[in-house]
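**Student:** Sharing a structure below in structure tokens format, with a few things to ask.
What follows draws every value from the coordinates through simple rules; no lab data is involved. Since we're looking at a predicted model, the values are computed, not measured. Every residue, glycine as well, gets a Cβ built from its backbone with ideal geometry; the counts of neighbours run over all protein chains shown.
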């Protein structure tokens, strides 16, 4: 696009989950219309979009209709078929394009991309057979993690290996990688945006805690030295530039820590708005969702200044185990509530999040207490 997309234009969302829902809600303030495409009826984004396509991603008629409805297309989930994106971008601009998906969808290709460009990461090996797994374990040792190359998120497709004996009970490992587990002080992430002409804006570094492979809390700004912030931000921007990414993306990292050790390692690249960036909607002058719309629509990027410390708490379906949570328990304590409109709560399923603004240390201490109160 040589000119910014004018208000009234339609932005297409591949995927209909909560990330698309929040993109559409924020993008409406800029005057844009939205249409989502998801294989499942009643997807969270559909309720807030102007139109929705419900069909498998390999449906030719749906592909034609979706492209005709859109002035620009983006995705809220990186596991949409790369070949679909390649086909759509012959009819309509797609931001980011299929070349980015080709790198990030496959963990092995993503690791090879990082290696090629000299970005720091944990040691890894490709595993496509029992013999290759045994060789990889001998090479990088344990503890390590066996991961599927594709379709892994929120801890899915990941098997921790504490010893070589743990691998003996596994089925033959095909299309996997083995990653060496590293000792780190904190998990951090950088959420940034990049425009088509290469301008970037980086949100404050976030500090994350995961439970069972799923993000539990995010604290921002992260409690790390300024030198770590600078290194992490520079690394994330460098990755975005090498990918020629357009839109918001996140880079998850490990800060190894230790005396005088500012080293960070790249864990994973997400070419989209990200769970650890939810704090920006309420704590920053521009949210990651508005920023993504700005970038894909060709608008100037917004101010990423964080005006208030924040803690984000994920609400999983487990909180609904005894029925509808007592929302007054959170709202009466000053929390901001964001629900995703999902009809069925399941254990481990992301149903919403809470945002606590103000003193981050106090908010972090309050997070688990709020979850207990909600579940009563």
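**Student:** What 222 nm value per residue comes from the helices of the chain, counting each DSSP H run with n ≥ 4 as -39,500 (n - 2.57) and dividing by all residues, nearest 500 deg cm²/dmol? Please report the intermediate quantities before stating the final value.
**Tutor:** Numbers: 12 runs with 111 residues, N = 376.
That comes out to -8500 deg cm²/dmol.
**Student:** While we're looking at this one, here's another question. Please say if segment 123-180 is rounded, prolate or oblate, where rounded means a/c under 1.5 for a ≥ b ≥ c the square roots of the C-alpha gyration tensor eigenvalues, and otherwise the choice is prolate for a/b larger than b/c and oblate otherwise?
**Tutor:** Details: a/c = 1.44, a/b = 1.32, b/c = 1.09.
It comes out rounded by the Cα gyration axes.
**Student:** While we're here: Once you keep just the Cα pairs under 8 angstrom separated by 6 or more residues, what percentage relative contact order results for segment 186-374?
**Tutor:** Numbers: 394 pairs, mean separation 39.4, N = 189.
So the answer I get is 21 percent.
**Student:** Also, I was wondering about something else. Rounded, prolate or oblate: which fits segment 291-363 when a ≥ b ≥ c are the square roots of the eigenvalues of the alpha-carbon gyration tensor, with rounded for a/c under 1.5 and prolate only if a/b beats b/c? Spell out each step's value before the answer.
**Tutor:** Details: a/c = 3.00, a/b = 1.45, b/c = 2.07.
Oblate.
**Student:** Cα gyration tensor of segment 1-98, axes a ≥ b ≥ c as square roots of the eigenvalues: rounded (a/c below 1.5), prolate (a/b > b/c) or oblate?
**Tutor:** oblate
**Student:** Let me ask another. Explain nothing, just the number: relative contact order of segment 10-94, from Cα pairs under 8 Å at least 6 residues apart, as a whole percent. List each step's numbers first, then the result.
**Tutor:** Details: 156 pairs, mean separation 29.7, N = 85.
Dividing the mean separation by the residue count of segment 10-94 yields 35 percent.
**Student:** Based on other C-beta atoms within 10 Å, arrange 72, 209, 296, 40 from fewest to most. Kindly include the intermediate steps, with their values, before the conclusion.
**Tutor:** Working: 72 20, 209 13, 296 28, 40 10.
Starting with the residue having the fewest Cβ neighbours, the order is 40, 209, 72, 296.
**Student:** Quick one: compute the contact order of segment 303-376, relative version, from alpha carbon pairs under 8 angstrom and 6+ residues apart, as a percent. The partial results should precede the final answer.
**Tutor:** Details: 108 pairs, mean separation 34.9, N = 74.
RCO, segment 303-376: 47 percent.
**Student:** Further question on the same structure: Which percent, to the nearest 5, of DSSP beta bridges fully inside the chain are antiparallel?
**Tutor:** Details: 55 of 70 bridges.
Just about 80 percent of them are antiparallel.
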